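No lab work stands behind these numbers, since they all come straight from the coordinates. Keep in mind the model is a prediction, meaning the values are calculated, not measured. Note: ideal-geometry Cβ built from the backbone for every residue, glycine included; neighbour counts use all protein chains shown.
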Amino acid sequence: MTVGRIRKTVQFDAAHRLILHEGDCRNLHGHRWKLEVRITGRIDPDDGMVEDFGVVNDVAEELDHAVILNEEDPLVDTLGETPDVSKPVTMPGDPTSENIIDHVWARLEKRLRGTASLRRMRLYETPGSFAERVAK
């Protein structure tokens with residue numbers, strides 16, 4: 001059995017706001033997010049892959065041009081009434097970089113082949129600020 005590692009970097013544009021935060025991030029604003037994903041697993045002898053890079057693309061696409069909100073944010077109801085002009089994504093708690101990376105990790109983990117596993121993930125909110133999650 002041959003084990004391999006892959007790394008995929010994608011970018012997406014999304015807005016968020018932190019309703020529990022006292023600073024400027026309480027206001028709706030957007031970022032060009034950068035997501036780096038590292039996956040380890042057995043190289044499939046049939047297709048020669050640890051995992052299809054497209055799986056990472058698909059999860060990032062779910063957040064591209066979305067408005068990411070705390071599920072308790074009053075804006076959720078407003079945006080839900082206008083699905084043709086908005087793409088709300090909700091999560092428990094404020095959509096901090098740390099919470100968004102947990103959301104992405106969980107979504108991606110469900111889609112991986114049984115022989116692949118997430119090892120590390122970084123989500124850059126700005127070029128100099130990122131949250132990181134590492135497998136246990």
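For Val50, which sequence-distant residues (separation of 5 or more, or a different chain) have an amide H within less than 5 Å of its own amide H, given hydrogens modelled in the peptide plane?
Asp44
Rounded to the nearest 0.05, what FRET efficiency do Val134 and Gln11 give with R0 = 22 Å and r taken as the Cβ-Cβ distance? Could you check?
0.55
HN-Hα J couplings of segment 42-57 from phi, Karplus 6.51/-1.76/1.60, θ = phi - 60°, integer Hz, Gly and Pro as x?
Once rounded to whole Hz, the list reads 6, 7, 5, x, 7, 10, x, 10, 6, 7, 6, 4, x, 4, 5, 4.
Give me the net charge of Asp73's neighbourhood, meaning all other residues with Cβ under 11 Å from the Cβ of Asp73; Lys, Arg count +1, Asp, Glu -1. All intermediate terms of the calculation are to be shown ahead of the outcome.
Working: positive: Arg17, Arg26; negative: Glu71, Glu72, Asp77, Asp94.
Its environment carries a net charge of -2.
So what's the angle, to the nearest 10 degrees on a 0 to 90 scale, between helix 97-111 and the longest Cα principal axis of the chain?
40
In the neighborhood of Ala131, defined by Cβ-to-Cβ distances under 14 Å, what is the net charge if each Lys or Arg adds +1 and each Asp or Glu adds -1? Kindly include the intermediate steps, with their values, before the conclusion.
Details: positive: Lys34, Arg120, Arg122, Arg133; negative: Glu36, Asp94, Glu98, Asp102, Glu125, Glu132.
Summing Lys/Arg as +1 and Asp/Glu as -1 gives -2.
Can you give the calculated 222 nm mean residue ellipticity of the chain, where each DSSP H run of n ≥ 4 adds -39,500 (n - 2.57) and the sum is split over every residue, rounded to the nearest 500 deg cm²/dmol? Show your work: numbers first, answer last.
On the way: 3 runs with 31 residues, N = 136.
Helices in the chain give a 222 nm mean residue ellipticity of -7000 deg cm²/dmol.
Add +1 for every Lys or Arg and -1 for every Asp or Glu among the other residues with Cβ under 11 Å from the Cβ of Met49, and state the total. Walk me through the numbers on the way to the answer.
Numbers: positive: Arg42, Arg113; negative: Asp44, Asp46, Asp47, Glu51, Asp52.
My count for the surroundings of Met49 gives -3.
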